[in-house]
There are 2 protein chains.
Amino acid sequence: MKKNILIYGAVLGLLVAGLKLAEYKLIVIDHSIEIYGGLIALLFTVLGIWAGLKFVKKKEVVVVKEVIVQDPAEFTLNENNLKLLNISKREHEVLMLMAQGLSNQETADKLFVSLNTIKTHSSKLFEKLNVQRRTQAVQEAKKLGLLP
Amino acid sequence: MKKNILIYGAVLGLLVAGLKLAEYKLIVIDHSIEIYGGLIALLFTVLGIWAGLKFVKKKEVVVVKEVIVQDPAEFTLNENNLKLLNISKREHEVLMLMAQGLSNQETADKLFVSLNTIKTHSSKLFEKLNVQRRTQAVQEAKKLGLLP
DNA sequence: TCAAATGTCATGCTTTAGTATGATTTTGAA
DNA sequence: TTCAAAATCATACTAAAGCATGACATTTGA
């Protein structure tokens, strides 16, 4: 910044000096004033643009490196709701895996049971939670304190 | 852009005309040339700076290198991650409705587009989030601060 | 102005999810 | 021990989700 100001000042000074000299030579020519003015206009326009660029063209590159780790919010299972809704242990297990984004097949594999079994659990779960889809089930379950 | 050029041209024209007039009045004064030149220099410097600013004033570029994982407690949309993953506005909209447990059909109805469109958005979303299912998408999106 | 990105939609297809129903086996409590 | 709930599994569906691909219009940015 300071450098630019100094450079600008220096260039300006030189120009003024140069023009001062040129002034006496050009003055004798016809229409010299127009030429003189035109030159000044041109030079200072360029200078101005240059100055404008210098002072604004500072692109700021911000690099974000921080990683904010998830807070494992303290969760306490609401067993009361569990009982109220008649949700069994196994069903709750299935619900948790469902909430982790597992497919029915994956859940079945993880629990060593058949796909059909998981489907049965899921259906009953949806009934009890009064929802139609697994995504809704997860939402509802979280609301009810059945899931973290 | 075009406007700026026109404005610049117009201002320049007016100045030339004005100076042409001033030229004959100032010429009689002592040192009129210096004053004349000074004025032109001043005016065109300002004009140049203005032009420079106009044509170069690019927004700051923010470069983010790492994906940020956020605390889900207080939510502020992480637009950086959004950009990083190339998730468009519309896709984000779909993502939000998906997170609310809506089916593709319901989402389509809500956004007044076809089911196929939502499926397309969903597929691209899964790709970008690097997941296979909507449930996983929602989870991942929350981790990345794309969803409350 | 021109290319790239975005948004929209379709078709055809495969996979997964969800429903309905019924059956057998476990298990926990009266 | 007995009985009901819970858990398991199956078959047969329908519905929804997801994938791949191509097309076309609109928007936008360089």
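If you go through segment B:82-104 and keep only what is more than 14 Å from chain A (Cβ to nearest Cβ) and either surrounded by fewer than 17 Cβ atoms within 10 Å (Cβ to Cβ) or part of a helix (DSSP H, G or I) (or both), you end up with B:86, B:88, B:89, B:90, B:91, B:92, B:93.
Which of the residues spanning segment B:105-127 are near DNA strand C (Cβ under 10 Å from one of its atoms) and of a type in the set (Lys, Arg)? Within segment B:105-127, B:119, B:124 qualify.
Within segment B:71-90, at least one residue is in contact (Cβ under 8 Å) with a residue 12 or more places away in the chain, farther than 26 Å from residue A:105 by Cβ and more than 25 Å from the chain's Cα centre (by Cα). For segment A:128-148, the set of residues classified as within 12 Å of DNA strand C (Cβ to nearest atom) and in contact with a Pro (Cβ under 9 Å, 6 or more places away or on another chain) is empty. Within segment B:84-100, the only residue that satisfies the criterion of being among the β-branched types (Val, Ile, Thr) and away from DNA strand D (no atom under 11 Å from the Cβ) is B:87. Applying the criterion of being more than 9 Å from DNA strand D (Cβ to nearest atom) and part of a loop (DSSP other than H, G, I, E, B) to the residues of segment B:121-148, the residue that is surrounded by the fewest Cβ atoms within 10 Å (Cβ to Cβ) is B:130. Scanning segment A:105-120 for residues that are surrounded by fewer than 14 Cβ atoms within 10 Å (Cβ to Cβ), hydroxyl-bearing (Ser, Thr, Tyr) and touching a Leu at 6+ places or on another chain (Cβ under 9 Å) turns up nothing. Going by the structure shown, is residue B:79 more than 12 Å from DNA strand D (Cβ to nearest atom) and either buried (at least 18 other Cβ atoms within 10 Å of the Cβ) or away from chain A (no Cβ under 11 Å) (or both)? Spelling it out, residue B:79 is indeed more than 12 Å from DNA strand D (Cβ to nearest atom) and either buried (at least 18 other Cβ atoms within 10 Å of the Cβ) or away from chain A (no Cβ under 11 Å) (or both).
Every read-out reported here was derived from the displayed coordinates using simple, explicitly stated rules and does not represent laboratory data. Computed from a prediction, not measured in an experiment: that's the story for all the values here. FYI the Cβ positions are ideal-geometry reconstructions off the backbone, even for glycines, and counts take in every protein chain you see.
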